[in-house]
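**Q** This is the structure I have questions about; it appears just below.
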Ligand code: SF4
C-alpha cells in the first residue's frame, strides 16, 4: 500500500450490540446516526463513496465505526461484513476496518473477522488506569486490553489503539501512563480523543451537577501535544486527534462542554511548531527572524490565527517570517 492514498469509507454502527453505557458516550449523537443499519445500507454507502474516490493508486477500507462491532448479534455482523466483503472480492475495495471493545475479542470472533476479509481492528482502550476505567463505567480493565492485543497480534490484522484524555478521575500523568502502556503494546497506529461532554450522557449530568470538570482547550492541546510526541518518537502514527467535527459534534449540535475546536489537531501540531521555533530562536539577537519549513506545513508553523507569530513577538520581541521549502521534511525547521 506504500504509494497508494488511503481512504476509509465510514459506515456508522450506532450503539448496536453495546450493552454498556460509558459515561461519555451517546453513540447516536457521536455518529450522527439514529437508525440501525442493514446490508443494503452498507452496499449503498460503499457505492456512493466509491464514486468520489480516485480510480487509481488508492487503498480503500470500508470502516465500521461507532458502537462495539464484535458485540453486534453475530447474524447481523456477518450480514454487514458480507456486504462489504463482496467489494473486496470484486476488487473495488482493499479491506475492512472495525472498531470494538477490548473485552469483545476472542479467537472465535477474530476467526470470523478474518474470514470476512477484515484487515484492521481498532480497540477503544480509552485509559489504562483502573480508576479512570471504573469512573468512566467502561466495564473492562486494563488486563482485557493486554489480552485482546496479544490475541489480535496472532492474526495478520493491522491494530489501532484509541485513548482518551480528560476522563473522570483522569490526570495528565495518567494519560501519559496510558500512552506509555499503549506504546509498549506496539500498535500499528493510535488515535487520541479529548473527552467532550455530549448531550444525553451520564457525563452531562455529572457536568451539570459540578461533579465533572472538563479539560480546557489549552489543557487538552498541551497534553495531546505531549502524547503526540510520545507516539511519534515510538514511530507509531497518530491517525486522528479529536473527534471529527460534524453537525452533531459541534457546539451547535450535541457538544455541551469540553475542549472542542474544529481544527483541534492543527492546534496541537502548531503548538509542536511553537516549541521548535522557540528553541531555534534561543540566543537570536536580531529583531527579525526568517525560518523555513516544509511548504505544506506553513500554516501549522504560523499557527491558528497567526498564534505562533504573535506569541514569538509578545514573548521575545522578534518579528517572525515563515517561508516554505519543498526540500525540508515535515516537522523540520531551519533558521535562514
Ligand atoms: S463501549 Fe463504546 S459504544 Fe459502548 S457505550 Fe462505551 S464507548 Fe459507547
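Values in this text are rule-based calculations from the coordinates and carry no lab data. For clarity, every value in this text was computed on a predicted model and none was experimentally measured. Cβ coordinates were reconstructed from backbone atoms using ideal geometry, including for glycine residues, and neighbour counts include every protein chain displayed.
**Q** For the chain, with a Gaussian network of springs between Cα atoms less than 10 Å apart, report the residue from 83, 184, 129 with the top mean-square fluctuation.
**A** Taking springs between Cα atoms under 10 Å, the residue moving most is 184.
**Q** How much mean residue ellipticity at 222 nm does the chain get from its helices, if each DSSP H run of length 4 or more adds -39500 (n - 2.57) and you divide by all residues, to the nearest 500 deg cm²/dmol?
**A** -11500 deg cm²/dmol
**Q** For a test of the definition: using alpha carbon positions, the gyration tensor, and the 1.5 limit on a/c, classify the stretch 146-297 as rounded, prolate or oblate.
**A** Verdict is oblate for the stretch 146-297.
**Q** Oh, and also: Taking neighbour Cβ counts within 10 Å as the exposure measure, how do 155, 193 sort from fewest upward?
**A** With the sparsest Cβ surroundings first, the list reads 155, 193.
**Q** Normalise the Cα radius of gyration of the stretch 269-335 by 2.2 N^0.38 Å (N = residues in it) and let me know the number.
**A** 0.98
**Q** Counting only DSSP beta bridges with both residues in the stretch 269-335, tell me the antiparallel percent, nearest 5.
**A** 30
**Q** Separate question: For the stretch 223-336, report the % of Cα-Cα distances exceeding 24 Å.
**A** 34
**Q** Share of antiparallel DSSP beta bridges in the chain, in percent to the nearest 5?
**A** Counting only bridges with both partners in the chain, antiparallel ones make up about 10 percent.
**Q** Moving to a separate point now. Going by how many other beta carbons lie within 10 Å of each one, how would you line up 41, 57, fewest first?
**A** Lowest to highest Cβ neighbour count: 57, 41.
**Q** Something else: For the chain, count all C-alpha to C-alpha pairs, find those more than 35 Å apart, and express that count as a whole percent of the total.
**A** Counting every Cα pair in the chain, those more than 35 Å apart make up 27 percent.
**Q** If one puts a single equal scatterer on every Cα of the stretch 58-159 and applies the Debye formula without solvent, what log₁₀ I(q)/I(0) results at q = 0.11, 0.20, 0.21 Å⁻¹?
**A** Per q value, in the given order, log10 I(q)/I(0) is -0.34, -0.98, -1.05.
**Q** For the stretch 208-260, what is the Kirkwood estimate of the hydrodynamic radius, computed as the reciprocal of the mean inverse distance between distinct Cα atoms, to one decimal in Å?
**A** Over the stretch 208-260, the inverse of the mean reciprocal pair distance is 12.9 Å.
**Q** For the stretch 320-336 and the stretch 249-294, write down the distance between their C-alpha centroids in whole Å.
**A** Distance between centres, Cα-based: 15 Å.
**Q** Still on this model: From the gyration tensor of the Cα coordinates in the stretch 113-207, what semi-axes in whole Å does the equivalent ellipsoid have, largest first, with each one equal to sqrt(5λ)?
**A** 26, 15, 12
**Q** For the chain, set up a GNM with springs between Cα atoms under 10 Å and report which of 123, 151, 223 has the largest fluctuation.
**A** Top of the fluctuation ranking is 151.
**Q** Here is a follow-up. Anyone know which of 237, 172, 156 comes out most mobile in the 10 Å Cα GNM of the chain?
**A** 156
**Q** Based only on other Cβ atoms within 10 Å, what is the fewest-to-most ordering of 212, 104?
**A** Ordered by Cβ neighbours within 10 Å, fewest first: 104, 212.
**Q** Compute the separation of the alpha-carbon centres of the stretch 196-220 and the stretch 71-107 and state it in Å as a whole number.
**A** Answer, in whole Å: 33.
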